[in-house]
Every structure is written in C-alpha cells, then in structure tokens.
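First the structure, in the form of structure tokens, and then the observations on it.
The values are calculated or read from the model by the stated rules, or taken from the named source; none is laboratory data. Predicted, not measured: the structure shown is a model, and the values here were computed from it. When we count neighbours, we look across all protein chains shown, and the Cβ atoms used for this are built from the backbone with ideal geometry, even at glycine.
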Number of protein chains: 2
Amino acid sequence: MQNFKIENPTIVHFGNDVINDLGKVVSNYGKNVLLVYGKGSIKKNGIYNAVIHQLNSIKANVIECKGIKPNPLIMDVNNAVSLGREKQVEVVLAVGGGSVIDSAKLIALGISSGGDVWDFMENKRKPTAAVPIISVLTLAATGSEMNQFAVVQNPQLKKKLGFRHKLMYPQHSFLDPSYTFSVSKAYTAYGIADLIAHALENYFGKGEATLSDRFVYSIIKEAMDYGPALLNNLGDYELRAKIMYAATMALNGLTSNGREFGEWGVHSIGHILSLLYDTAHGATLSIAYPAWLKLMTERIPERISELGKALFDQSDPEKTILEIENFFRKIECPVRMSEIGIDGSKKSEIIQLMIQNKVGGMHYSLKDKDVKRIVEYMFEG
Amino acid sequence: MQNFKIENPTIVHFGNDVINDLGKVVSNYGKNVLLVYGKGSIKKNGIYNAVIHQLNSIKANVIECKGIKPNPLIMDVNNAVSLGREKQVEVVLAVGGGSVIDSAKLIALGISSGGDVWDFMENKRKPTAAVPIISVLTLAATGSEMNQFAVVQNPQLKKKLGFRHKLMYPQHSFLDPSYTFSVSKAYTAYGIADLIAHALENYFGKGEATLSDRFVYSIIKEAMDYGPALLNNLGDYELRAKIMYAATMALNGLTSNGREFGEWGVHSIGHILSLLYDTAHGATLSIAYPAWLKLMTERIPERISELGKALFDQSDPEKTILEIENFFRKIECPVRMSEIGIDGSKKSEIIQLMIQNKVGGMHYSLKDKDVKRIVEYMFEG
C-alpha cells in the first residue's frame with residue numbers, strides 16, 4: 001500500500017428535498033451568486049425554479065451563466081470568468097451534471113485568479129485561490145460533485161484535458177435522486193458506463209490496495225445489479241438513489257486510497273472521440289474500455305482475471321471483457337464505433353489525433369502500435 | 001435509502017513516516033499542546049520520542065497527561081480537563097488507540113466548555129466548542145481516529161456510555177502502520193474483532209442501503225482474509241496497513257450512509273462485560289456478537305442469510321453464525337464467557353447489570369427475556 005491522504009472537504013447532502021437547505025448554505029458564503037447551468041433542461045423539470053426560490057429566500061443577487069455544453073468548452077468558462085469578475089461573484093453555484101460542475105470549478109478558479117483558465121489546464125500557471133463552489137447535481141455520472149477534477153475541451157487546439165486541484169472541491173453538493181428523474185434512458189446509461197469506467201480507472205492504477213479493490217467491485221456490482229432495472233423504471237427513486245450514490249463514490253477518492261495513481265488511459269482515448277464527433281462521454285468509454293482491456297490481456301492478464309473473479313465469478317480475462325461488453329450492450333451503450341455511426345474510413349483520423357494528443361494512461365503507456373490496435377478493436381466485429 | 005449527509009472533516013495521513021508532518025500540522029493550531037497517552041508503552045517503542053521530536057521542532061509547550069486506561073475512565077478525563085484549562089491548552093494531541101483518542105475528544109470538549117464532562121454523556125448539557133484534536137494512532141481497532149464518537153466509563157455509576165458530537169472529529173489523524181508493530185497478538189486480534197463488530201453494527205442498522213452493505217462485506221472480508229496472516233506476522237507492514245485501513249473505514253460513516261442509524265446493541269452488551277470484569281473491548285464483542293445473532297435468527301433470518309451469502313457463500317443463518325464464531329476462534333478471540341475465565345455463577349450479576357443499563361440496540365430492542373437468552377448463549381457450549 002502506498003502512502004495516501006484522505007482529505008475531502010465536500011459536504012454532501014443526499015436525499016429527497018435536500019434542496020430546502022440550499023439557501024441557508026449559500027448564504028454562508030455570500031450574496032452574489034453565479035448560477036451556472038446547461039442548455040436549459042432545468043427550466044423544464046422544475047429544478048431551476050426550486051433553486052431560484054432558495055436564492056430568493058436569502059435575497060441573493062443571481063447572475064446567470066447558462067449554455068454550458070455537455071462536452072464543456074474553455075471559451076464558455078473564460079466568458080463566465082469575465083462575467084463573474086465584473087459582477088464580483090462570491091459563490092459559484094453549479095446546477096447540472098459533470099460538464100456544468102466541471103465548468104463551475106474552473107470558473108471559480110478563474111474568478112479568483114484572472115487570465116485565461118486554459119493556462120491551468122496546460123500547467124502554465126498555478127491557481128492560488130477559488131471562490132466557493134456549491135453544486136446541485138442533476139445527472140449521476142462523473143462524480144464531480146465530490147472531487148477535485150475538471151475536464152474541459154479546447155476546440156481550437158483540438159485538446160480535451162483534465163485538471164485536478166484541491167481548490168476545486170465543492171464546499172457543498174446537493175444530491176436529490178429525484179432531480180435525475182428526467183434524465184433520458186440513454187444518458188442514464190452513459191452515466192452508468194461512466195461510473196463503472198471511473199472505478200476501473202482506479203482499479204488499474206499503480207500500487208496494490210486490496211480494500212480499494214473491494215470498494216471498486218462493490219461499486220461496479222451495485223451499478224450492474226441495479227442499472228438495468230433503473231433503465232426500465234426511470235422514475236424509481238430508490239434505483240436513482242443507488243446509481244447516484246455509486247457514481248459519487250466511484251470517484252471521490254475511495255477507490256484510489258493506497259494507490260500511487262489511477263490509470264486514466266481509457267479516458268484519454270474517450271476524450272479523442274468526444275473531440276472528433278462530440279460523442280457523449282459515457283458512450284466513448286463503453287467503446288474504449290473493452291478495446292483497451294483487449295490490449296491489456298497481454299500485459300496484465302492476472303489483474304483482469306482478478307476482476308473477473310470478483311464481478312462474474314470466473315477468472316478468464318477474455319470472458320471477463322466479454323461480460324463487461326455484454327453489460328454495456330444490455331444497458332444499450334455502444335461498444336463499437338459503428339454503433340455511434342462512425343465507419344472504418346475514420347480510423348486514420350482517430351489514430352492521428354490520439355497520437356498527436358499522446359493518449360496513454362498514467363500507469364500503462366501506449367506506443368503508436370498499441371494505439372492502432374485499440375482503434376482496430378473499437379471498430380472490430 | 002434514507003437521506004444522509006457526508007461530512008467528515010478529519011484529514012488522514014496514512015503510511016510510513018507520516019509523523020514527519022506532525023509538527024507542521026500541530027503548529028497550525030497552537031503552541032500549548034496537551035499530550036494524552038496511555039500507560040507508557042509509547043515510551044518503549046519509540047513513538048513517544050518521535051512525537052516529542054516533532055513537538056520540539058515547533059517549540060511547543062508540552063503538557064503531559066498520561067495513564068489513560070484501556071477502558072477509559074471519566075475521572076481521568078475530568079482531571080485532564082482541569083489541567084488543560086489551567087495550562088490554557090490550544091491543541092489536544094492523542095497518541096494511542098481508541099481509549100486514548102476517545103478520552104482526548106472528551107477532554108477537548110471539556111477544556112472549551114468546563115464543568116463535568118459526564119454531563120455530556122448523559123445528555124444533561126450540550127458542548128458548544130472544543131479545542132482542536134489531533135491523533136497519532138497506535139492501535140487499529142476503534143476507528144476513533146476518523147469519527148465523532150467517544151466511549152468512556154463511570155465506575156461509580158457502573159455505566160459505560162458512548163457519545164457522538166460533530167466537534168469530536170479529529171482535525172488530523174496520523175496513521176503509520178509500523179506504529180502498530182508492537183501491539184501484542186491478543187490485542188491485534190481484539191482490534192480485528194472490534195472492526196468487524198463495527199461493520200456489523202452498521203449492517204444491522206435501520207434502513208436499506210445496498211452499497212453500504214457491500215462496503216460492510218468488503219471491510220469484513222479484508223479483515224478475515226488478512227487478519228489471520230497478520231497474527232502470524234505481527235511485524236508485516238502491508239498486513240498491518242490493510243487492517244489499520246479497514247478499521248478506519250469500518251466506522252467513519254462509510255458503512256452507515258443511507259441508513260437511519262446503526263444497531264449498536266452488541267456494543268451495549270459488551271460494555272457491561274468491560275464494566276464488570278475489565279474485559280478488553282474487542283474480546284467482549286467476539287463473545288457477544290454470536291450470542292446476539294443467535295437470538296436474531298428468529299427476528300431477522302433473511303438479513304443474516306444475506307450476510308452469509310456475501311461473506312461465506314452460503315445462506316443458512318445458523319451456519320453463518322458458526323462461520324463468524326469460527327473466525328473469532330481462528331484469531332484466538334474468546335467466543336464464550338468461560339474463555340475469559342468467567343463461570344456460570346456470574347450469570348445473574350451480568351443479567352442484572354444489563355437490565356439496569358437498559359442494554360438493547362437502537363434498532364432491535366431487547367426485553368428482559370431476550371437479555372437472559374443472550375447471556376445463556378454467551379455461556380453455552
């Protein structure tokens with residue numbers, strides 16, 4: 001076991017009607033609130049009104065920042081930073097899924113630090129402060145509500161990068177499972193694929209950490225046992241709660257304690273597909289994970305075998321990958337590029353951008369020939 | 001799933017040589033440090049010197065409070081409070097196991113609030129502040145290093161009570177597995193029994209929380225898979241680390257999220273045995289848990305069956321209890337009163353004090369006849 005620190009300051013309010021505490025919590029940080037959200041679905045499902053009601057109850061000055069894209073863009077972040085600085089924002093309140101919360105985190109850094117936020121992503125400049133971040137989660141997937149990560153893309157540079165910083169933990173996150181009732185079947189499934197991928201990225205990280213492995217199995221089993229039922233009952237509170245809680249635990253530190261770092265190679269591959277085809281993040285992962293695992297049967301068959309034993313009660317690496325693929329198929333997530341409408345003529349474009357972006361995880365590096373094989377697997381069959 | 005809050009402010013520094021950061025961390029809180037420890041084993045194994053070296057490096061004024069008993073006493077806590085108030089202590093530094101950390105937490109409340117700390121235990125008075133608490137853990141067992149609980153006994157009143165308060169989370173806890181190398185085989189085993197009991201108390205709490213159940217299984221399996229090996233290799237860092245981490249996770253909130261509350265009936269029974277015979281806490285639990293479970297086969301056979309399926313791959317409640325007993329035997333923890341030298345003539349004394357103290361958990365109440373049957377089971381066979 002590697003040395004590690006447990007330090008997660010996010011206070012999670014989980015359950016039915018937790019929104020009722022939002023106003024009081026926000027008021028502890030300030031009156032000038034930057035309300036960050038996406039394309040407006042929260043106006044249809046009543047969440048926007050509930051949030052505004054809370055903010056009005058504390059007489060907050062609400063500055064709206066809407067239109068964050070599902071694959072969030074750095075220019076939207078930078079524009080929000082300018083607005084936030086101009087309006088002397090004291091709290092950034094994210095109402096949405098991972099893309100909104102990730103953007104809000106970077107906006108909060110930018111408001112306190114100024115300049116181009118992309119500089120942080122490229123490690124050209126270090127943030128020194130952030131205004132407090134509060135989130136109201138509307139999509140179970142990324143775990144951003146209880147971690148220090150943010151991912152954003154820069155279409156000009158054709159880059160999608162992740163960034164981590166202690167200042168980016170939300171102070172408070174409000175997780176009401178009923179707030180995810182209106183998430184479509186497809187996006188609910190992508191969220192499930194995403195949380196499984198997060199658990200796996202930690203599982204394939206560097207360093208032996210047996211209890212963290214067991215937590216990985218627990219989270220993936222929870223998702224596999226209840227995910228399919230949820231897709232047939234999108235308005236079931238208990239099932240929404242199980243998946244929401246699993247997604248939060250998949251990437252809040254729990255699955256990485258005792259490891260030097262996670263793998264994250266599959267995410268870097270997935271980001272390329274989002275950059276090129278604006279594919280939903282979870283859908284890129286259900287395609288890329290089996291492909292990456294197929295390559296890894298040569299390097300780490302025992303590790304894949306252990307996973308198979310724990311999840312499917314069999315230890316054959318190939319069969320383990322097949323089981324994972326079958327699960328993704330069962331929840332109607334794509335496992336091949338053809339299923340997202342991309343044909344084999346695009347292989348070279350994908351390979352080129354993957355090599356240019358130096359895809360490859362923190363633990364298992366990928367040579368050009370490895371990248372090519374992964375791409376072949378993504379199209380195969 | 002019940003509504004819940006995740007809010008655990010303790011920063012855990014886990015691993016080899018984490019003590020090197022102690023001085024810097026303490027200096028963030030103050031110079032006047034009350035150093036709380038037990039009967040002096042830390043002077044033999046070098047831990048005391050390492051701590052003093054850190055405190056000297058920041059020119060701290062060290063006020064010593066030694067002699068905390070394994071089953072800690074309220075008078076020792078109150079004496080330390082007087083000393084702490086007189087010396088204007090700014091930080092309470094606990095170096096020890098659960099008894100020392102629990103005492104330190106109560107001392108920290110007392111220093112800020114004054115008066116008799118026992119008033120808090122009996123809910124006669126509410127604490128409003130506490131000086132910061134820092135712990136250096138030397139025994140893997142109670143999880144006190146990362147929670148808000150403290151247990152202390154009052155021999156005059158023949159009571160051993162638990163108390164929880166948000167102010168009692170340590171600010172920082174330092175967990176170096178090598179700091180537990182010198183813990184005896186017996187106390188290492190009691191620690192393992194204790195952590196398993198903590199996971200079980202949450203498992204048998206009120207409310208369905210499937211992922212928390214899986215975390216319970218994970219923690220217990222970790223303890224059962226590696227505990228016996230540790231007892232044959234007391235100086236093995238990796239095994240010490242696994243058990244230390246499992247003990248912390250067993251009672252830091254992780255296993256109770258989504259439940260209304262834990263059970264804790266077995267602990268209340270165990271406390272009676274400690275009160276009467278000064279039995280080590282973990283040893284009381286390895287006796288009391290099987291006995292309590294035997295009674296519960298009539299009330300909650302399915303719940304015990306689920307546990308059996310997850311831990312031992314069989315679903316018979318009686319066999320599950322036998323497996324748990326067998327595990328405790330394997331690690332040489334007592335499972336019957338005779339094994340701690342108490343014969344059947346003491347039954348009525350035990351029953352009387354159990355009834356007088358109103359033992360019985362938060363979820364499953366125990367009538368007088370239930371208490372008698374549990375005591376019978378503790379002596380039986």
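Of everything listed in (1) within 14 Å of chain B (Cβ to nearest Cβ); (2) of a type in the set (Phe, Trp, Tyr); (3) over 30 Å from B:ILE243 (Cβ atoms), the single unmet condition for A:TYR277 is (1).
Looking at this structure, is A:SER256 modelled with pLDDT of 95 or more, in contact with a Cys (Cβ under 8 Å, 6 or more places away or on another chain) and either within 14 Å of another protein chain (Cβ to nearest Cβ) or buried (at least 24 other Cβ atoms within 10 Å of the Cβ) (or both)?
On the way: modelled with pLDDT of 95 or more: yes; in contact with a Cys (Cβ under 8 Å, 6 or more places away or on another chain): no; either within 14 Å of another protein chain (Cβ to nearest Cβ) or buried (at least 24 other Cβ atoms within 10 Å of the Cβ) (or both): yes.
So A:SER256 does not fit the description; no.
Does at least one position in the stretch A:105-120 carry a residue that is in a loop (DSSP other than H, G, I, E, B) and modelled with pLDDT under 95? So far as the stretch A:105-120 goes, yes, one or more of its residues are in a loop (DSSP other than H, G, I, E, B) and modelled with pLDDT under 95.
Would you call B:ILE68 more than 26 Å from B:TYR277 (Cα to Cα) and either at pLDDT 95 or above or in a loop (DSSP other than H, G, I, E, B) (or both)? No, not satisfied. For the stretch B:221-238, the set of residues classified as within 28 Å of A:ILE220 (Cα to Cα) and either among the hydroxyl-bearing types (Ser, Thr, Tyr) or facing chain A (nearest Cβ under 10 Å) (or both) consists of B:LYS221, B:GLU222, B:ALA223, B:ASP225, B:TYR226, B:GLU238, listed by residue number. Each residue in the stretch A:330-339 was checked for being buried (at least 18 other Cβ atoms within 10 Å of the Cβ) and in a helix (DSSP H, G or I), and 1 of them qualify.
Of the set (1) touching a helix residue (DSSP H, G or I) at 6+ places or on another chain (Cβ under 6 Å); (2) within 14 Å of chain A (Cβ to nearest Cβ); (3) exposed (fewer than 15 other Cβ atoms within 10 Å of the Cβ), all apply to B:SER57 but (2). Across the stretch A:19-46, what is the number of residues that are under 15 Å from A:LEU137 (Cβ atoms) and of a type outside the set (Gly, Ala, Ser)? So the answer is 9.
Here B:ALA94 meets the list (1) crowded, with 21+ Cβ neighbours inside 10 Å; (2) assigned to a loop (DSSP other than H, G, I, E, B) almost entirely, failing just condition (2). When every residue of the stretch A:131-150 is checked against the conditions, at least one turns out to be more than 14 Å from every other protein chain (Cβ to nearest Cβ), over 26 Å from A:VAL62 (Cβ atoms), assigned to a strand (DSSP E or B) and not aliphatic (A, V, I, L, M).
State whether one or more residues within the stretch A:179-187 are touching a Lys or Arg at 6+ places or on another chain (Cβ under 8 Å), at pLDDT 95 or above and not in a helix (DSSP H, G or I). So that I can check it myself, show each step before the final result.
Keep residues of the stretch A:179-187 that are touching a Lys or Arg at 6+ places or on another chain (Cβ under 8 Å), which gives A:180-182.
Next, from what is left, pick out any that are at pLDDT 95 or above: A:180-182.
With the extra rule that they be not in a helix (DSSP H, G or I), the set shrinks to A:181-182.
Yes, because at least one residue in the stretch A:179-187 is touching a Lys or Arg at 6+ places or on another chain (Cβ under 8 Å), at pLDDT 95 or above and not in a helix (DSSP H, G or I).
Residues that are within 17 Å of A:VAL25 (Cα to Cα) and of a type in the set (Lys, Arg) are absent from the stretch A:87-104.
Summed over the stretch A:1-36, residues that are in a strand (DSSP E or B) and within 11 Å of chain B (Cβ to nearest Cβ) total 7.
Being surrounded by fewer than 24 Cβ atoms within 10 Å (Cβ to Cβ) and under 11 Å from the mean Cα position of the chain (by Cα) is a property that holds for B:PHE149. Consider the stretch B:292-329 and keep the residues that are without any contact (Cβ under 8 Å) to a residue 24 or more places away in the chain, among the hydrophobic types (A, V, I, L, M, F, W, C) and under 13 Å from B:TYR217 (Cα atoms). The one that is surrounded by the fewest Cβ atoms within 10 Å (Cβ to Cβ) is B:PHE312. For the stretch A:37-51, enumerate the residues that are assigned to a helix (DSSP H, G or I) and either in the same structural domain as A:LYS206 (by TED's automatic domain parsing) or surrounded by 15 or more Cβ atoms within 10 Å (Cβ to Cβ) (or both). Within the stretch A:37-51, A:SER41, A:ILE42, A:ILE47, A:TYR48, A:ALA50, A:VAL51 qualify.
Taking the options A:ASN71, A:ASN79, name whichever one is touching an Asp or Glu at 6+ places or on another chain (Cβ under 8 Å) and under 30 Å from A:LYS44 (Cα atoms). Talk me through it step by step, then tell me what you get.
Details: A:ASN79 fails: touching an Asp or Glu at 6+ places or on another chain (Cβ under 8 Å).
After ruling out the rest, the residue left standing is A:ASN71.
Assess whether A:LEU22 counts as being out of contact with any Leu (no Cβ under 6 Å at 6 or more places or on another chain), touching a residue at least 12 places away in the same chain (Cβ under 8 Å), closer than 25 Å to A:TYR190 by Cα and crowded, with 18+ Cβ neighbours inside 10 Å. Here the answer is no, as A:LEU22 does not meet what is asked.
For the stretch B:178-211, residues that are buried (at least 24 other Cβ atoms within 10 Å of the Cβ), more than 16 Å from B:TYR364 (Cα to Cα), of a type outside the set (A, V, I, L, M, F, W, C) and within 14 Å of chain A (Cβ to nearest Cβ) total 2. Inside the stretch B:257-274, residues that are among the acidic types (Asp, Glu) and closer than 19 Å to B:ASN357 by Cα make up a count of 1. When restricted to residues that are in contact with a Leu (Cβ under 7 Å, 6 or more places away or on another chain), part of a strand (DSSP E or B) and over 27 Å from B:VAL335 (Cβ atoms), the stretch B:154-178 contains 3.
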